[in-house]
Amino acid sequence: MSTEFAAALHDMLDGADGPATARRWADGDLTPGLALWRRLAGLGVTALAVPEKWGGLGASPLDLAAVCEELGHHAVPGPVAESLAAVPALLAGLADPGEPPGACGERGLHDGRGACGEWLAALAAGDLIATLAMPPRLPFAADADAAGLVLLAEDGMVYRGRPGARHRSVDPARSLSEVRGGEVLARDAGAVLNTGRALDFGALACSAQLLGAGRALLEASVRHVRTRVQFGRPVGAFQAVKHKLADVAIGLEFARPLLDAAALALAGPATAARDVSAAKVACADAAYRAARAALQVHGAIGYTAELDLSLWLAKVRALVPAWGSQAEHRARVLRELGGGPR
């Protein structure tokens, strides 16, 4: 399903003028962006990670990664990793009848008539956008102003959160909000287990967005060096430029198998922690390399906010440290391989 679905999504987003939507989102006008999210819901994007029992598609993490890559490729604004991946994973665990006491079931919410089931159904239908904070790895909630549901997972507890002070992000089309805890949804073992899974799903989706953004930056660079002329020749004819962009392409291609492995691992194998962190490191490194190369080959114009290139440059800068830093994920891989303290 993932290849065909991603192709259909690509075609839709190609005609949606993503850059203009992202710019208006950055200016505080969420209307075009929310309309785009409704179109995504119509394609089933918002239902991918929601189990079928709650009205979702129950799609595989591979499908989720393919879709998030396209959303990153087209600079779609909004809490993509949060609303499409992490929050559904968290709520599905809390609403599942097999969850131990201390989760939503303690308040009688397993029957689907309670809050967790209602939120999952609303996410699947596209009637709800959600975001969350999970300190310390995810200290702020992204795009809380666009979300109808804000969650906070902290210190072995999951709360329905209340957005607090807003902070500027390096990405103008992304806001960051402090979150204060409100109603308790889960505690103790249930909260810890499901928070860990939500973090992995969020990191997978973020990795996919980075890979998609890296692809967009490489494509923009290739278009530019084909048309920009220096010394009577297209810039792309110079060997140094060819080698730089070839390195970017290789980095992106080498990151893709790690992203696929992480998606497969989240479906069941015990290597999910290692594989998700490896994918985040590889995708972030590849996207950052693509961003640096894009700035270099574009020259001074690459630094201007008026150029659409800036949308992907800012997104990469914002997403590289999101959902855990590179150092944290490298240390996690080392621990899972048995080479570091647990």
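What's the number of the condition A186 fails, among (1) open to solvent by 10 Å² or more (accessible area, probe 1.4 Å); (2) assigned to a strand (DSSP E or B); (3) more than 15 Å from A318 (Cβ to Cβ); (4) of a type outside the set (D, E)? Every condition holds for A186 apart from (1).
The residue list S277, S310 contains one member that is closer than 16 Å to G212 by Cα, among the hydroxyl-bearing types (S, T, Y), open to solvent by less than 60 Å² (accessible area, probe 1.4 Å) and in a helix (DSSP H, G or I), which is S310. Exactly one residue among L193, L199, L120 is under 22 Å from A282 (Cβ atoms) and touching a residue at least 24 places away in the same chain (Cβ under 8 Å), and that residue is L199. The residue pairs whose first member lies in segment 158-184 and is in contact (Cβ under 8 Å) with a residue 40 or more places away in the chain, whose second member is open to solvent by less than 70 Å² (accessible area, probe 1.4 Å) and among the charged types (D, E, K, R), and whose beta carbons are closer than 6 Å, counting only pairs six or more residues apart or on different chains, are D171/K315. The one condition from (1) touching a Gly at 6+ places or on another chain (Cβ under 6 Å); (2) surrounded by 20 or more Cβ atoms within 10 Å (Cβ to Cβ); (3) at pLDDT 95 or above that E99 does not meet is (3).
Applying the criterion of being within 18 Å of the chain's Cα centre (by Cα) and within 16 Å of E306 (Cβ to Cβ) to the residues of segment 19-34, the residue that is modelled with the lowest pLDDT is P19.
Pairs are defined by a Cβ separation below 6 Å, a sequence spacing of at least 6 or placement on different chains, a first member in segment 251-263 that is modelled with pLDDT of 95 or more, and a second member that is open to solvent by 70 Å² or more (accessible area, probe 1.4 Å); the pairs so defined are G251/R289.
Give me the residue from segment 195-238 that is farther than 30 Å from S277 by Cβ and open to solvent by less than 30 Å² (accessible area, probe 1.4 Å) and, out of that set, nearest to the chain's Cα centre (by Cα).
Quick first cut of segment 195-238, residues farther than 30 Å from S277 by Cβ only: 222-238.
The next check asks that each one be open to solvent by less than 30 Å² (accessible area, probe 1.4 Å); those that pass are 225, 235-236.
Working: V225: 29, V235: 34, G236: 32 Å.
Once the filter is applied, the top-ranked residue is V225.
For the subset of segment 223-244 comprising residues that are closer than 14 Å to G302 by Cβ and in a helix (DSSP H, G or I), which member is modelled with the lowest pLDDT? First the steps, then the outcome.
Going through segment 223-244, the residues closer than 14 Å to G302 by Cβ turn out to be 223-225, 228, 235, 241, 244.
Still in the list and also in a helix (DSSP H, G or I): 223-225, 235, 241, 244.
On the way: R223: 92, H224: 88, V225: 86, V235: 72, V241: 84, K244: 92.
Here the residue is V235.
For A270, the criteria (1) free of Cβ contacts under 8 Å to residues at least 12 places away in the same chain; (2) in a helix (DSSP H, G or I) hold in every case but one, which is (2).
Can you pull out every residue in segment 43-58 that is part of a helix (DSSP H, G or I) and either among the hydrophobic types (A, V, I, L, M, F, W, C) or on the phi > 0 side of the Ramachandran plot (or both)?
Quick first cut of segment 43-58, residues part of a helix (DSSP H, G or I) only: 43, 45-47, 52-54.
If the condition is that a residue be part of a helix (DSSP H, G or I) and either among the hydrophobic types (A, V, I, L, M, F, W, C) or on the phi > 0 side of the Ramachandran plot (or both), then L43, V45, A47, W54 are the ones that fit.
The values are calculated or read from the model by the stated rules, or taken from the named source; none is laboratory data. Worth saying up front: this structure is predicted, and the values here are computed from it rather than measured. Glycine gets a Cβ as well: all are built from the backbone with ideal geometry, and neighbour counts include every protein chain shown. We work out accessible area using only protein heavy atoms, side chains counted, and drop any ligands, DNA or RNA first. Shrake-Rupley method; radii C 1.70, N 1.55, O 1.52, S 1.80 Å.
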